Each structure stands twice: as structure tokens, then as C-alpha cells.
1. Being assigned to a loop (DSSP other than H, G, I, E, B) and modelled with pLDDT of 90 or more is the filter here; which residues of the range 1-27 pass it?
2. Could you list, in sequence order, all residues of the range 117-144 that are surrounded by fewer than 18 Cβ atoms within 10 Å (Cβ to Cβ), of a type in the set (A, V, I, L, M) and assigned to a loop (DSSP other than H, G, I, E, B)?
3. Being loosely packed, with under 15 Cβ neighbours inside 10 Å and hydroxyl-bearing (Ser, Thr, Tyr) is the filter; apply it to the range 6-38 and report the residue that is nearest to the chain's Cα centre (by Cα).
4. Kindly indicate the residue of the range 39-63 that is in a loop (DSSP other than H, G, I, E, B) and within 12 Å of the chain's Cα centre (by Cα) and also surrounded by the most Cβ atoms within 10 Å (Cβ to Cβ) among those meeting that condition.
5. Could we say that GLY65 is at positive phi and at pLDDT below 90 here?
6. When the range 78-90 is examined, which residues are found to be exposed (fewer than 14 other Cβ atoms within 10 Å of the Cβ) and among the aliphatic types (A, V, I, L, M)?
7. Of a type in the set (S, T, N, Q), out of contact with any Cys (no Cβ under 8 Å at 6 or more places or on another chain), modelled with pLDDT under 95 and under 21 Å from SER5 (Cα atoms), is that true of ASN138?
8. Any idea which of LEU100, LEU75 is surrounded by 13 or more Cβ atoms within 10 Å (Cβ to Cβ) and either among the small types (Gly, Ala, Ser) or more than 16 Å from the chain's Cα centre (by Cα) (or both)?
Amino acid sequence: MAAGSKFNAFVQYLANGTYNLGADTLKCILTNTAPIATNSLYGDISANELANGNGYTTGGVTVTGVTSLQTSGTLKLIGSLANPTWTATGAMGPFQYAVLYDSTPASPLKPLICAWNYGSTVSLVSGQTFTVALDTVNGILQIT
């Protein structure tokens, strides 16, 4: 699993009730430009998202089955069903980062949650698949 980090505004948006992580539609996108912790909305990074085509759809794929689990003061956000996956139908990439955002809120519009850095660029050829493996034990992210 790639190293993940939450965006700074995530905690503020969570405290303000922006997210309903059990009911909202969460999406995952791919980019080759490093997201920075101070990015807060999909619009801050959307210009750097992979182009539509060759197996990739702009706006990303839906992360399904998101639940939360609280144990001893630690909340874990868990994606319990299918991991976000793309299968190239032509050359796809390069990309190095996967970004999770909430596509439901209208204000603020599409707030960011967290990003994963895969350490080096990834490029796919037709037929290859890339999967963001969501950790079902430790969660997508933890809040303590």
C-alpha cells in the first residue's frame, strides 16, 4: 500500500458536518502532480487529473462500501467493497498519486479527503490494471 496522507481541510470539514462519510459518494482519481496538504477541493487538483480516455474517466471511480469503526478513541474510515480499479484500453498515465474526494457536497464543492503517493510514476499499456488497495484493517485513514 502506498503512503497516504489526509488534506489539512479534511478535519475542519469533518467537524463542520460537510461530510456524511457513510452516505456520500466518495471518488478516487489519478494524477501525476503531487497534491499538497493545503489543497482542499477537487477543483484545486482537477486540472492535473489524468485525461479522459484509454480506460480512465475524468472524475474518477466510486469507492463503495465506506464505513467507519471507532475503537478506543481512534476512528477508522474503511472502504469495505471493491477497490478503485482501472484497466487500460490504450496507453494510460503516467500517474503517481491517487486522491480520494467526496463528490456529494455542493458547498464546499467536492472536498478532498486524502491522497496516496506511489513513490514513482506508473504507466499502463492496454490490458494492464491498476488498483488502489484500500486497507480494510487499518482503514483508508485514521482520526485519533
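The values are calculated or read from the model by the stated rules, or taken from the named source; none is laboratory data. Everything numeric in this text was worked out from a predicted model, so none of it was measured. Cβ placement follows ideal geometry from the backbone for every residue including glycine, while neighbour counts extend to all protein chains displayed.
1. Residues satisfying the conditions are PHE7, ASN16, GLY17, THR18, TYR19, ASP24, THR25.
2. Correct list: VAL125, ALA133, VAL137.
3. Per the stated criteria, the residue is THR25.
4. Taking the range 39-63 as the starting set, the residues that turn out to be in a loop (DSSP other than H, G, I, E, B) are 39-40, 50-52, 54-55, 57-60.
Now drop any that are not within 12 Å of the chain's Cα centre (by Cα), which leaves 59-60.
Numbers: GLY59: 15, GLY60: 24.
Only one residue fits best here, namely GLY60.
5. yes
6. LEU81, ALA82
7. The answer is yes for ASN138.
8. LEU75
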